[in-house]
Amino acid sequence: MNGEQAPLLQLRHVAKSFGGLRVVYDLDLEVRDGEIVSLIGPNGAGKTTVFNLVTGIYAPDDGEIVLEGRDIAGLPPHKITRLGIARTFQTLRLFLNMSVKENVMAAAYGHTSSTVLESMLRLPRARREEREIAQLAEEKLAFFGQRLVGYRWDQPAYSLSYANRRRLEIARAMATKPRLLLLDEPAAGMNPVETGEMTELIGRLRDEGGYSILVIEHDMHVVEGISDRVVALDHGVKIAEGSFDAVATDPRVVEAYLGLRKRASA
């Protein structure tokens, strides 16, 4: 799809352990510009740890994490965000008592240059950046159509439905001006109609928003509907990679999922 173009993100032989527990081992993974890659695997496979490594919450024990040719392994999260990576979380992390618009504006402040004193005194640069951030928030919220526009801008986040809270968290990630979006189970807890809408939204984020996307998702209908490539993990090790059909029928993937179900029902 992208010829010989260098990957936007590349993990090379990445490993992470906690105490004596190996969570990720010798992982190679890449996301190319304009690509949607799904990361799948049973609970405990190491998927969210991969996100935490990429976004700087954890530093890898070994290996490289390269963004556009730069090794970002071990950088603090705010620097990685400024370099163009944003994420959502499996458990929503919104400011529930702030308005919808304020939630998105809060995510964009990392790109401002006004000092605290300028902001306190409402000096010209601070006022200009405030206007720019408000406009940016409105633009990102407009991406979601009628779901998050108009009167909803001033509503507190807690008043939103669960599905719209998910959308708001994605809008916040978009406000950091990323090249790469990391979506952690964006369809979790949704009914079939909402899941279908989320599947469509992820495709629009790539096709209309211009984002490359790495997504963790358990719903195989979503994975099938969005993925250019699928990477399967089990106990921190990559066991399969390729098209959805190839990975979903790989014996190692089937064993990883069915083995888990057998243990759970035993």
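The values are calculated or read from the model by the stated rules, or taken from the named source; none is laboratory data. Note that the coordinates shown come from a computational prediction; the quantities given were computed from them, not determined experimentally. Note that each Cβ is placed from the backbone with ideal geometry, even for glycine, and that neighbours are counted across all protein chains shown.
Some notes on this structure:
- Residues (buried (at least 20 other Cβ atoms within 10 Å of the Cβ), under 26 Å from residue 210 (Cβ atoms) and either charged (D, E, K, R) or in contact with a Leu (Cβ under 6 Å, 6 or more places away or on another chain) (or both)) located in the range 9-58: 9, 11, 29, 31, 35, 37, 47, 51, 56
- Only a single criterion out of (1) over 11 Å from the mean Cα position of the chain (by Cα); (2) part of a loop (DSSP other than H, G, I, E, B); (3) buried (at least 21 other Cβ atoms within 10 Å of the Cβ) is not satisfied by residue 190, namely (3).
- Every residue from the range 184-225 that is among the acidic types (Asp, Glu) and either assigned by TED's automatic domain parsing to the domain that holds residue 144 or at positive phi (or both): 185
- Residue selected from the range 200-221 under the condition in a helix (DSSP H, G or I) and at pLDDT 95 or above, by the criterion farthest from residue 186 (Cα to Cα): 207
- The set of residues in the range 223-241 that are surrounded by fewer than 22 Cβ atoms within 10 Å (Cβ to Cβ) and outside any strand (DSSP E or B) comprises 224, 225, 228, 235.
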